[in-house]
Amino acid sequence: MAPMAQFSYTLGPPTLSHNHFLYNYNCNNLRFCRQILNKCRKSSGSFMTTKRLSFSSTITCFATDRSSSDSEISSAAKIRSEVLSPFRSVRMFFYLAFIASGTLGGLIATTQLIAALTNSARAAAVPDILNGLGIDLGAVSLFAFLYYRENKAKNVQLARLSREESLSNLKLRVDEKRIISLNDLQGTARLVICAGPASFITESFKRSEPFTESLLERGVLVVSFATDGNAPSFEFEESEETKEITTKRKRLWQLAPVYVSEWSKWLDEQKKSAGVSPESPVYLSLRLDGRVRGSGVGYPPWNALVAQLPPVKGMWSGLLDGMDGRVL
């Protein structure tokens, strides 16, 4: 009632000095406004409820969109990129500054050239102006190319770091009761991922037999990922004479991927970045820090891994920890 009283007072009742037409006009306005306020008072409850529900629905959809974004680069990957290339941002800033400077100089030279061409008295300055304009255009082109190359390298590095971060979060099954992530093995094991049909993994298993002890000494563990959905056939000799080597063979090949869809997604991205056919069987060799050190199409080169990797124990363990090979 307080707003109605204030509204009526504002309009005010007609005084004796008003004419009859003004009196009827104000009364009609007052009646019309009263009807509007009554309608607003009756529908205010449902109106506010509708607004709250709409706001809540909007927040939920926004949160879902953010969490389902696969192309977003995490802040951790961006920080790692800055650490690996600390002066890249400085170089890109100066490239942009030089591009802006050259563009401004080119615009000034263009206006001077137009003025010189329209004024015969300044025709002698045309060669110098063209010389300066050519320098500006060359500088802009050069620094634009450098900026494009630097930005492309940055995007490639961010994509690689993002894939490495996704790889570290993938799950592995050690046995029937234990599931870990790849991140838990960083610093203790060098993983070799064999991805392909079951027949490819079985053949890789057979080829690794002569190098079993040497691979374990170097901290190598194999992750067998059958992309065709079939289980590979691992045959172990259970005799007393081969009991020790059989135990080591089982330890070398004990890891299996969990959540196959996530593994397939990561592997497809890795193949796409390397330009490899999605159907090709591949292997990937990881460093102790979990980053990819080598990859290829076909069977893993077990003899090359033994020759290139230092043992994880012994007098050379601490000195050669960083000799895992360069990162791909």
Please specify each residue of region 207-229 satisfying the condition of being of a type in the set (G, A, S) and either surrounded by fewer than 18 Cβ atoms within 10 Å (Cβ to Cβ) or in a loop (DSSP other than H, G, I, E, B) (or both).
S208, S214, G219, G229
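Considering only region 247-265, state which residues are touching a residue at least 40 places away in the same chain (Cβ under 8 Å) and either crowded, with 17+ Cβ neighbours inside 10 Å or more than 21 Å from the chain's Cα centre (by Cα) (or both).
The initial filter retains those residues of region 247-265 that are touching a residue at least 40 places away in the same chain (Cβ under 8 Å), namely 249, 252-259, 262-263.
Result: R249, L252, W253, Q254, L255, A256, P257, V258, W263.
What number of residues in region 177-200 are in a loop (DSSP other than H, G, I, E, B) and under 20 Å from N230 (Cβ atoms)?
Going through region 177-200, the residues in a loop (DSSP other than H, G, I, E, B) turn out to be 177, 186-189, 197.
Of the ones still in play, those that are also under 20 Å from N230 (Cβ atoms) are 197.
Selection size over region 177-200: 1.
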Can you tell me how many residues within region 148-184 are within 21 Å of P257 (Cα to Cα) and more than 15 Å from the chain's Cα centre (by Cα)?
15
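One residue is enough: does region 230-240 have a residue meeting the conditions under 21 Å from the mean Cα position of the chain (by Cα) and crowded, with 16+ Cβ neighbours inside 10 Å?
First pass over region 230-240, keeping only residues under 21 Å from the mean Cα position of the chain (by Cα): none.
No, there is no match, as no residue in region 230-240 is under 21 Å from the mean Cα position of the chain (by Cα) and crowded, with 16+ Cβ neighbours inside 10 Å.
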Considering only residues that are in contact with a helix residue (DSSP H, G or I) (Cβ under 7 Å, 6 or more places away or on another chain) and not in a helix (DSSP H, G or I), which ones fall in region 252-276?
W253, P257
Would you say S120 is surrounded by 15 or more Cβ atoms within 10 Å (Cβ to Cβ), modelled with pLDDT under 85 and either within 26 Å of the chain's Cα centre (by Cα) or not assigned by TED's automatic domain parsing to the domain that holds W253 (or both)?
no
Is it the case, given these coordinates, that S285 is in a loop (DSSP other than H, G, I, E, B) and either modelled with pLDDT of 90 or more or in the same structural domain as N183 (by TED's automatic domain parsing) (or both)?
no
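The values are calculated or read from the model by the stated rules, or taken from the named source; none is laboratory data. Everything numeric here is computed off the predicted structure, so don't read it as measured data. Cβ coordinates were reconstructed from backbone atoms using ideal geometry, including for glycine residues, and neighbour counts include every protein chain displayed.
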